[in-house]
Amino acid sequence: GAVVSQHPSRVICKSGTSVKIECRSLDFQATTMFWYRQFPKQSLMLMATSNEGSKATYEQGVEKDKFLINHASLTLSTLTVTSAHPEDSSFYICSAGQGAAEAFFGQGTRLTVV
Amino acid sequence: ILNVEQSPQSLHVQEGDSTNFTCSFPSSNFYALHWYRWETAKSPEALFVMTLNGDEKKKGRISATLNTKEGYSYLYIKGSQPEDSATYLCAVRRDNYGQNFVFGPGTRLSVLP
């Protein structure tokens, strides 16, 4: 299957700083990528849809100014958590795929804000 | 709001036992259901994509069924092995053309040797 690579796998940052997470499709082009978040004991929840060359689409309740998404190429989407606070500590994971087929996921990023 | 549920939340079985778990979803506006296997520190791995009522799919010792009329899917593992230990996620697609999913909370399986 296709490979999606996500970095970093873990990051600890100080409150008020920004953190960038990268999601790359290694062997296919992805015009659309998806960013999910998972809090402890909860389901993966879609945060936003990243569209190559255009603005991301955010789910209700997700602040677009806090979670900046850039999808500048067909193989790379980035999620920047700006001015991170402890409540942003969570597991973030991206996915990409082609059409209506299965999705391929990155390895996820565990963000801890102290 | 599309809500996907899975049960049980977790289970422990002995090596060699067969087991099954459930994914429930609203039966209206159904497009597709995906099963994923997710080991700690790895990417979720796609197991099955199921679209038609009555679908049955099999991969080795793992199989799945789909009932779209009543809104559930079962995942079966025959003769569980320790390497089957993982979280099994079910995801329902929100539309007919993309990769937009609603996930269940997962079933965490532990197979004891």
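The values are calculated or read from the model by the stated rules, or taken from the named source; none is laboratory data. Not measured: the values here are computed from a predicted model. Heads up, the Cβs are rebuilt from the backbone with ideal geometry, glycines too, and the neighbour counts pull from every protein chain shown.
Of all residues in the range B:12-56, those that are of a type outside the set (A, V, I, L, M, F, W, C) and closer than 30 Å to A:R10 by Cβ total 10.
Does A:Q107 fit the bill of being out of contact with any Ser or Thr (no Cβ under 6 Å at 6 or more places or on another chain), outside any strand (DSSP E or B), within 27 Å of B:Y88 (Cα to Cα) and of a type outside the set (K, R)? No. Please specify each residue of the range B:1-23 satisfying the condition of being hydrophobic (A, V, I, L, M, F, W, C), touching a residue at least 24 places away in the same chain (Cβ under 8 Å) and surrounded by fewer than 20 Cβ atoms within 10 Å (Cβ to Cβ). Across the range B:1-23, the qualifying residues are B:L2, B:L11, B:V13.
A count restricted to the range A:47-79 and to residues that are small (G, A, S), crowded, with 16+ Cβ neighbours inside 10 Å and outside any strand (DSSP E or B) stands at 1. Note on the range A:41-57: residues that are within 11 Å of another protein chain (Cβ to nearest Cβ) and farther than 16 Å from A:T80 by Cα total 5.
Once the range A:81-109 is narrowed to residues that are surrounded by fewer than 15 Cβ atoms within 10 Å (Cβ to Cβ) and touching a strand residue (DSSP E or B) at 6+ places or on another chain (Cβ under 9 Å), the residue that is farthest from the other protein chains (Cβ to nearest Cβ) is A:H85. Picking from residues in the range A:23-33 that are touching a strand residue (DSSP E or B) at 6+ places or on another chain (Cβ under 9 Å) and closer than 24 Å to B:W35 by Cβ, the one that is nearest to the other protein chains (Cβ to nearest Cβ) is A:T32. Does B:T65 count as more than 22 Å from A:T49 (Cβ to Cβ), under 10 Å from the mean Cα position of the chain (by Cα) and more than 14 Å from every other protein chain (Cβ to nearest Cβ)? Yes: the conditions hold for B:T65. Exactly one residue out of A:T31, A:T17, A:T49, A:T57 is of a type in the set (S, T, N, Q) and in contact with an Asp or Glu (Cβ under 6 Å, 6 or more places away or on another chain), and it is A:T31.
The numbered conditions (1) touching a Leu at 6+ places or on another chain (Cβ under 6 Å); (2) over 18 Å from B:Q99 (Cα atoms); (3) at pLDDT below 95 are all true for B:Q14 except (3).
Of the numbered criteria (1) more than 11 Å from chain B (Cβ to nearest Cβ); (2) under 17 Å from A:C94 (Cβ atoms); (3) assigned to a strand (DSSP E or B), the one A:Y36 fails is (1).
Against the condition among the hydrophobic types (A, V, I, L, M, F, W, C) and buried (at least 22 other Cβ atoms within 10 Å of the Cβ), how does A:F28 come out, does it pass? Let's see the steps before the verdict.
Values: among the hydrophobic types (A, V, I, L, M, F, W, C): yes; buried (at least 22 other Cβ atoms within 10 Å of the Cβ): no.
Against the criterion (among the hydrophobic types (A, V, I, L, M, F, W, C) and buried (at least 22 other Cβ atoms within 10 Å of the Cβ)), A:F28 does not qualify.
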